[in-house]
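Written out below as structure tokens is the structure these notes cover.
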Amino acid sequence: MTNIEDHLDIEALKDLKDIMENEFETLVNTFITDSQSKLDELDEVVAADDAEAIRKLSHSLKGSSSNVCALKLSEMARELEAMGKDQQTAGAQELLLRLKQEFENVSQVLRNNL
Amino acid sequence: MNNGMDIIESEDTQDEVLRILIADDNDSDRLILQTIVRKEGHVVYTARDGQEAIDTFREKSPDLVLLDALMPNVDGFEAARTIKQLAGDNLVPIIFLTSLRDATSLADCLAAGGLDFLSKPYNRIILQAKIKAFASMRRLHETVQQQRDEISLHNDRLIHEQEVAKQVFDNIAHPGCIDAPNIKYLLSPMAVFNGDLVLASRKPSGGMYVFLGDFTGHGLPAAIGAMPVSEIFYGMALKGFSLQDILREINKKLKRILPVGVFCCACMIDLSFRKGSAEIWVGGLPDVLIYRTKKHELENLRSTHLPLGVVDNDRFDTESQIVQLTKGDKILLWSDGIIEATNDEDEMFGEDRVREVILATQDPDHIFDNIEKAVEIHTGRDEQDDDYTMVEATMVNESELGDYFGERGVSHFAGGPKDWSMTYELRPQTLKEFNPLPLITHLLMEVPGLRPHSGKIYTMLSELYSNALEHGVLDLHSDLKASADGFARYYMERTQKLESLNEGYVKFYIDHKPVTDGGVLTIMVEDTGKGFDYLAKEKANHRTEGYSGRGIPLINTMCRSVKYLGKGNQVEVIFDWHVDV
């Protein structure tokens with residue numbers, strides 16, 4: 001990972017941590033578990049080329065990742081959502097791969113911040 | 001009604017605890033949101049999909065709903081619609097949680113009943129602001145609803161109160177003789193709440209009083225004054241008080257009880273059928289019209305006084321206008337409702353139109369109806385929902401009015417004094433300032449069953465009293481009254497002598513004994529005058545004729561006997577009466 005700030009809004013994350021206090025760990029764990037299961041589902045629907053399912057899952061991921069300050073991840077989810085919405089799924093497979101990589105990065109930073 | 005104030009005050013307090021439902025299928029998002037909201041001090045309920053949101057809403061009825069748009073099972077849009085339905089009249093603000101940006105999706109949120117959006121990532125400050133804004137909106141809505149309910153409650157109560165008041169009013173202001181054949185009137189059933197009032201009463205001495213009043217204002221404030229007016233009018237008319245006395249009493253009462261700015265425009269008429277004249281007092285009402293049947297002409301009688309209840313009695317002027325009338329002549333009076341009735345162009349009906357209608361009417365019997373019709377045509381309304389009040393009083397022969405029974409309804413025979421006597425001596429100072437007849441009449445009317453005879457009794461008392469005072473104590477000669485010139489001199493002398501009076505009295509001795517179905521009333525009047533040679537007169541004139549000006553022939557037709565006693569300074573009248581079945 002090149003630079004943390006390319007992946008996460010560090011200031012906002014500090015605020016979030018202040019707000020969540022003890023719950024921050026729960027939040028991080030919840031986010032990681034929840035997102036992991038969404039990514040697993042995405043694997044399936046991308047393979048099946050189900051545009052509507054792609055749209056819904058990535059929409060949800062876009063929202064939750066933005067809430068944990070993962071700006072880059074959220075942006076990539078938005079791109080994937082747009083593909084689903086426009087039913088232009090060529091390149092979805094490749095985007096999903098990069099998205100998973102980004103998720104690994106974010107998860108690592110979040111865990112380190114506990 | 002301080003509820004409104006309390007609510008507005010509490011708006012400033014930061015720590016109002018709201019119960020907020022958060023529905024989001026995304027666990028981490030929901031966790032963040034509920035943590036923020038809880039930290040603001042609110043109570044949070046959570047739901048993971050639309051169906052759970054609906055169920056929780058039903059169970060907890062929260063104050064505010066934060067609803068994710070895209071959720072499994074039942075989505076946010078549908079949940080919003082159901083929640084709105086469940087909330088019914090209550091305002092439950094729904095804020096959509098969404099990262100949707102396109103206009104169609106946002107429009108869908110609004111269509112489903114959402115009032116605002118909160119987008120991800122959540123911003124604590126924005127969320128705080130929105131919760132506050134919607135909480136106060138909800139309170140406002142509650143206040144409005146509460147006030148709406150209160151208004152409708154007040155309205156119901158007001159209508160109920162008006163009905164009760166109307167009933168009380170109708171009991172006090174019984175129609176008197178308003179249905180007499182020489183009276184026509186127009187008065188809406190709830191007119192008393194427009195401040196309009198029509199009263200009519202036969203007088204014990206013959207004749208009739210007619211009163212039309214128009215109070216300022218509407219509703220209860222306007223109606224409240226009508227009650228004492230009616231009570232005074234009927235009470236005093238029955239006891240034989242004069243038009244001036246009645247007006248003064250009403251004015252005094254209204255001045256005392258009504259707030260400044262509330263008064264009663266009025267017209268009062270004393271119709272004398274025997275004399276063929278009317279005494280009219282107008283204060284603040286539109287011109288009274290006199291219709292001359294024979295000449296088919298109209299005369300105006302302008303208001304020359306302030307309304308009743310404006311000035312104190314020492315400045316109150318009861319000077320009336322006397323109009324000579326022949327049979328069939330009509331007096332028309334109205335409140336300003338008729339004159340000021342407007343058409344669609346806001347043009348008033350006006351007095352000119354009233355005159356036109358009257359003069360265009362050939363049969364005088366149709367004048368009243370034609371005016372009413374013309375006003376209806378002018379305003380384009382056939383329903384009588386306005387405060388048009390109008391009275392027409394026609395000069396007739398007294399005999400056309402039928403018998404006078406003083407008061408409507410059945411007399412009460414139970415209770416009350418039946419067997420009694422009294423002596424009432426009036427000395428100079430009293431003779432100067434006081435008319436004892438209403439008081440004595442009032443006393444006699446307490447005798448059960450006697451009231452229908454009040455007309456005759458009043459006539460007898462007043463003849464006997466004026467004889468005793470004028471010919472007895474004051475020693476005036478009725479011969480004087482024979483000429484118009486002498487008439488004036490008579491009254492001048494009467495005034496002068498009365499003013500300088502310092503000795504003498506008029507004494508009433510009244511005795512009532514009950515008999516089966518009636519009673520015997522003996523009235524003896526004694527004065528300190530010289531008396532007269534009644535024996536000679538009796539012989540010469542066979543009982544009744546020749547007591548010039550003493551009204552004795554009239555009394556004689558009314559009672560069993562009239563007897564002079566002593567040196568002619570005492571007179572005894574025996575009146576037998578029976579209950580008319």
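The values are calculated or read from the model by the stated rules, or taken from the named source; none is laboratory data. From a predicted model like this one, the values you see are computed outputs, not experimental measurements. Cβ atoms come from the backbone with ideal geometry, glycine included; neighbour counts cover every protein chain shown.
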Quiz prompt | Yes/no for B:LEU67 being surrounded by 16 or more Cβ atoms within 10 Å (Cβ to Cβ), within 14 Å of chain A (Cβ to nearest Cβ) and touching a Phe, Trp or Tyr at 6+ places or on another chain (Cβ under 9 Å) | solution = yes
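From B:ILE126, B:ILE151, B:ILE131, grab the single residue that is of a type outside the set (Phe, Trp, Tyr), assigned to a helix (DSSP H, G or I) and more than 30 Å from A:LEU73 (Cβ to Cβ). Outline the logic, then answer.
Values: B:ILE126 fails: more than 30 Å from A:LEU73 (Cβ to Cβ); B:ILE131 fails: more than 30 Å from A:LEU73 (Cβ to Cβ).
After ruling out the rest, the residue left standing is B:ILE151.
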Quiz item: Taking B:ARG292 and the conditions (1) more than 26 Å from the chain's Cα centre (by Cα); (2) at pLDDT below 90, which numbered condition does it fall short on, given that it satisfies the others?
Solution: (2)
Practice problem: Name every residue in the stretch B:85-109 that is surrounded by 13 or more Cβ atoms within 10 Å (Cβ to Cβ) and within 14 Å of another protein chain (Cβ to nearest Cβ), in order of residue number. | Solution: B:PHE96, B:LEU97, B:THR98, B:SER99, B:LEU100, B:SER105
Quiz item: Only one of (1) within 23 Å of B:ARG451 (Cα to Cα); (2) not in a strand (DSSP E or B) fails for B:THR522. Which number is that?
Solution: (2)
Quiz item: Can you name every residue in the stretch B:240-263 that is crowded, with 22+ Cβ neighbours inside 10 Å, in contact (Cβ under 8 Å) with a residue 60 or more places away in the chain and more than 30 Å from B:THR326 (Cβ to Cβ)?
Solution: B:ASN251
Self-check item: Count of residues meeting criterion [more than 10 Å from chain B (Cβ to nearest Cβ), surrounded by 22 or more Cβ atoms within 10 Å (Cβ to Cβ) and not hydrophobic (A, V, I, L, M, F, W, C)] in the stretch A:52-78
Solution: 1
Quiz item: Does A:ASP49 satisfy the criteria of being more than 12 Å from chain B (Cβ to nearest Cβ), surrounded by fewer than 15 Cβ atoms within 10 Å (Cβ to Cβ), over 21 Å from B:LEU33 (Cα atoms) and in contact (Cβ under 8 Å) with a residue 40 or more places away in the chain?
Solution: yes
Self-check item: Answer residue from the stretch A:25-46, given it is under 11 Å from the mean Cα position of the chain (by Cα) and within 19 Å of A:GLU79 (Cβ to Cβ) and is farthest from the other protein chains (Cβ to nearest Cβ) among those
Solution: A:LEU39
Quiz prompt | Odd one out for B:ALA360, checked against (1) of a type in the set (Gly, Ala, Ser); (2) more than 23 Å from B:ALA226 (Cα to Cα); (3) crowded, with 17+ Cβ neighbours inside 10 Å | solution = (3)
Quiz item: Are any residues in the stretch A:1-24 assigned to a helix (DSSP H, G or I), within 14 Å of chain B (Cβ to nearest Cβ), of a type outside the set (A, V, I, L, M, F, W, C) and in contact (Cβ under 8 Å) with a residue 40 or more places away in the chain, and if so, which ones?
Solution: A:LYS17
Exercise. Go over the candidates B:VAL44, B:VAL17 one by one and state the one that is β-branched (Val, Ile, Thr), buried (at least 19 other Cβ atoms within 10 Å of the Cβ) and either in a loop (DSSP other than H, G, I, E, B) or modelled with pLDDT of 95 or more (or both).
Key: B:VAL44
